[in-house]
Amino acid sequence: MEKTAHDLFVIGGGINGSGIARDAVGRGYSVALAEMNDFASGTSSGATKLIHGGLRYLEHYEFRLVRESLMEREVLWAMAPHIIWPMRFVLPYQKGGIRPAWLIRLGLFLYDHLGGRKLLPPTAVLDMRRDAAAKPLKALFTKAFEYSDGWVDDARMVVLNARDAADKGALIMPRTKVVSARRENGLWTIETVDTLSGRSQTHQARMLVNAAGPWVDHVIRSAFGQNEARHVRLVQGSHIVVKKKFDGPKAYFFQNPDNRIIFAIPYEDDFTLIGTTDRDYTGDPKDVRISQEETDYLCKAASEYFKEPLKPSDIVWTYSAIRPLFNDGASKAQEATRDYVLKLDGAGGGAPLLNVFGGKLTTYRRLAEHALEKIGEAIGVKGNPWTANSHLPGGDFPVHGFEGWRRLNRLF
Ligand SMILES: Cc1cc2nc3c(=O)[nH]c(=O)nc-3n(C[C@H](O)[C@H](O)[C@H](O)COP(=O)(O)OP(=O)(O)OC[C@H]3O[C@@H](n4cnc5c(N)ncnc54)[C@H](O)[C@@H]3O)c2cc1C
């Protein structure tokens, strides 16, 4: 048994758990974090890897989320320019297509102006009869819209948050599964098991944060014994990686007849990353794999746009992950909110619990700040928000704006 109780014990070493641990330890709380596998082994390494406002979410009126995400693009880029960089997205337009031109223009106008964009270049219109971006595509498009978002190495962003938290004094425990947590004498008693050695340990903490992503309900049920917990909707998203379909650093945004969108993104120099899908999932998140139906869907959707059709045999790798979306009762998986929800339980009676539902890579830092507000409410405020002007380890060099970055990388 450890002698002193931690202020906070965080379950989950994905982006949200690592981000909360880093923010909290930087404000002066004593923090421990347990991750049952490796960092980012859950959803946080299976994303499309965009630091983005989420143009599509405007259609679902998620203005709060889009605004916060848009604002975070440049904050995160400045924090970690070694793993985050700007990317231009080409959205080909076809008359009589899924969305009229005026709607796309309106969406992109909001996208350019909602989020305090300073360094990223604004939307441009491309003449697809001349522009190089038309080269890999079918000759269906006379026009395209080009807009800015960002790219991130998602797993490294998680590891750098955990690294920085550890450097600042947090106890960071990978391969450590939380098997039970109970309230005792105004504190949490948490039992963990080292998943390599099988060794058990007991920890005490004033407050518990459940940031177990797709396992958040499972933790509530199995570790806390609340059998009815059903807060998240598990939605699978899969990606395929194929030999590169086009040259250059720009990505494509394709609209599908089912109203969904998919991205085709330059990936690791020689490849193109294509995704994603949206379908409800009921199995164990660790077993998630792409299905034949998703493979066919992604190949078909990309083949509507690329000159050379995409066949399942072109695929060199696939990956799938589970979105732990807050269950807002939406009928379709693609319509469920992408925003996060933080639920504080037991703040008055000692040993409070904060459950984290949903969240994007893009909003992890703001999610952590909101979590710290709740933590302050529950166990007393320490320190001030500090992460907006910080650097993740290795990222302490200036960004010099989009032009500087473009010249540095000899792009476009
Ligand atoms: C297909 C797809 C595409 C996406 N694309 C984007 C994108 O382009 N941009 C964007 O901003 N967001 C994107 N997202 C969303 C984003 O990836 C997730 O919201 C985010 O990664 C969730 O992080 P998390 O920390 O909550 O969960 P996770 O990363 O899953 O972390 C939870 C961790 O908890 C651990 N854990 C669970 N139970 C226990 C236990 N009992 N003890 C100890 N540890 C435990 C797990 O091992 C896991 O590592 C995408 C998501 C998906 C699925």
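Scanning residues 5 or more positions from S180 or on other chains, those with amide H under 5 Å from its amide H are E191, with H placed 1.01 Å from N in the peptide plane. For a paramagnetic label modelled on R279 (point 7 Å from Cα along Cα→Cβ), amide N atoms under 13 Å away belong, within segment 233-270, to 235-239.
Along segment 350-367 the Karplus relation, 6.51 cos²θ - 1.76 cosθ + 1.60 evaluated at θ = phi - 60°, assigns HN-Hα couplings of x, 6, x, 10, 10, 9, 10, 10, x, x, 10, 3, 4, 9, 4, 5, 6, 4 Hz to successive residues, with x for each Gly and Pro.
So, by mean Cβ neighbours within 10 angstrom, what's the order for 173-179, 381-387 with the highest one leading? Show your work: numbers first, answer last.
Details: 173-179: 19.1, 381-387: 14.4.
Taking the mean over residues of other Cβ atoms within 10 Å, the ranking is 173-179, 381-387.
Less than 5 angstrom separates the built amide H of V209 from those of F9, V10, I11, L354, all sequence-distant by 5 or more or on a different chain.
Taking a ≥ b ≥ c as the square roots of the eigenvalues of the Cα gyration tensor, segment 22-64 is oblate, since a/c reaches 1.5 or more and a/b is not larger than b/c. Relative contact order for the chain: 23 percent, from Cα pairs under 8 Å spaced at least 6 residues apart, divided by residue count.
Would you mind working out the accessible area per residue for segment 73-179, using a 1.4 Å probe, and quoting it in Å²?
The answer is 45 Å² per residue.
Solvent exposure of segment 268-377, expressed per residue, is 45 Å² of accessible area, with all protein chains present and a 1.4 angstrom probe.
Within the assembled protein chains, the solvent-accessible surface assigned to F145 is about 0 Å², based on a 1.4 Å probe. Of all the options P257, P214, P312, the one that moves most in a Gaussian network model of the chain with Cα springs shorter than 10 angstrom is P257.
Were the residues from D127 through K168 laid out at 0.36 nm apart, the gain over their Cα-Cα distance would be 9.7 nm.
Rolling a 1.4 Å probe over the protein chains gives R163 an accessible area of about 120 Å². Using a simple spin-label model with pseudo-atoms 7 Å out from Cα toward Cβ, H400 and A388 lie 2.7 nm apart.
Using a probe radius of 1.4 angstrom, the carbon and sulfur fraction of the accessible surface of the chain is 51%. An oblate overall shape is assigned to segment 310-408, the ratio a/c of its alpha-carbon gyration tensor axes (a ≥ b ≥ c) being 1.5 or greater and a/b not exceeding b/c.
Highest mean first, the peptides 94-102, 184-192 sorted by other C-beta atoms within 10 Å per residue fall in the order 184-192, 94-102.
Of interest is the spacing of the C-alpha centroids, which for segment 309-342 and segment 343-384 amounts to 26 Å. In order along segment 32-43, phi translates into HN-Hα couplings of 10, 9, 10, 10, 6, 10, 9, 4, 6, 6, x, 5 Hz, rounded to whole numbers, per the Karplus curve 6.51 cos²θ - 1.76 cosθ + 1.60 with θ = phi - 60° and x for Gly and Pro.
The values are calculated or read from the model by the stated rules, or taken from the named source; none is laboratory data. No experiment lies behind these values; they were computed from the predicted model shown. Note that each Cβ is placed from the backbone with ideal geometry, even for glycine, and that neighbours are counted across all protein chains shown. With ligands, DNA and RNA removed, areas are computed over all heavy atoms of the protein, side chains included. Shrake-Rupley method; radii C 1.70, N 1.55, O 1.52, S 1.80 Å.
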